[in-house]
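Input: a single structure, listed below in structure tokens.
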Amino acid sequence: MTEQRGQVIWSAAQTPSVPQSFGLEAVSFTARGDPDDLDREDGEEVVQRFEAVAIVLGESEYRGNGALCVTNRRICWQDQSHTDTGYAVAFTDIGLHAIATDSPGDGKACIYLQLAGETPADADVEEDALLSKEVRLVPGNPDLLQDLFKVLCNCAALNPDPGQEEDEEDGEFFYDQDEVLTGADADSRAALLNHFDSLLQTPHSADVSELLAEDPELVSRRRSGADASMSTDLALAGAF
């Protein structure tokens, strides 16, 4: 049997090779549909399974339908034609996940993943980049899209970027609250909001008094140039 999507044609009797780059890797499955390297001793567990989910690598590399097994560590896709094989990517190797409406070939709504894992030193990055840096997961039932996205959001929150702590120490963070909270459940939303609040800092009243003592004209210049941001900080502290 031959499957065709967009410009890609391949025989279902032969599984295409897996481009191991950007964190995407081959994985085998047990008879019950779990990844055979599921690390239960280290706390990895299956969160939810979704049936009839197609996978597209890059712009148009359709790899068939299968079952999506989401664990608390990674996303695993099991090939429907070769049930003992598939692909996996850890949440820490996913730089972006979102709902998109540009699934190649049929234009169905899908989950778009942009991978950010490391590439092996001997990999042909120029050739593999278009194939595996972008991944699209296309549920056969569009009604499952929001549920799938919610599960991915919740699991991603359990696997922060290893560099996140270093970034927080630098005191720089940027986020769109609505985007971050979309799809998260009530507990996850509360945890994220508390985390954001912990990052915000405002001056103490003693600091404000010291600033005003050093520069009595600060208030009159609060709307001008470089002092505008300082005025905002003082307002947050209750000085005005």
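Observations on the structure shown:
- Among residues of region 1-48, those that are at pLDDT below 95 and outside any strand (DSSP E or B), counted: 28
- Within region 70-97, considering residues that are without any contact (Cβ under 8 Å) to a residue 40 or more places away in the chain and outside any loop (DSSP other than H, G, I, E, B), the one surrounded by the fewest Cβ atoms within 10 Å (Cβ to Cβ): LEU96
- Of the residues making up region 98-145, those that are surrounded by 12 or more Cβ atoms within 10 Å (Cβ to Cβ), modelled with pLDDT of 90 or more and assigned to a helix (DSSP H, G or I) are LEU144, LEU145.
- Whichever residue in region 49-64 is at pLDDT 95 or above and surrounded by fewer than 18 Cβ atoms within 10 Å (Cβ to Cβ) and, among such residues, is nearest to ARG136 (Cα to Cα): ALA52
The values are calculated or read from the model by the stated rules, or taken from the named source; none is laboratory data. As the structure is a computational prediction, the values presented were derived from the model and not from experiment. For neighbour counting, all protein chains shown are included, and Cβ atoms are generated from backbone atoms with ideal geometry for every residue, glycine included.
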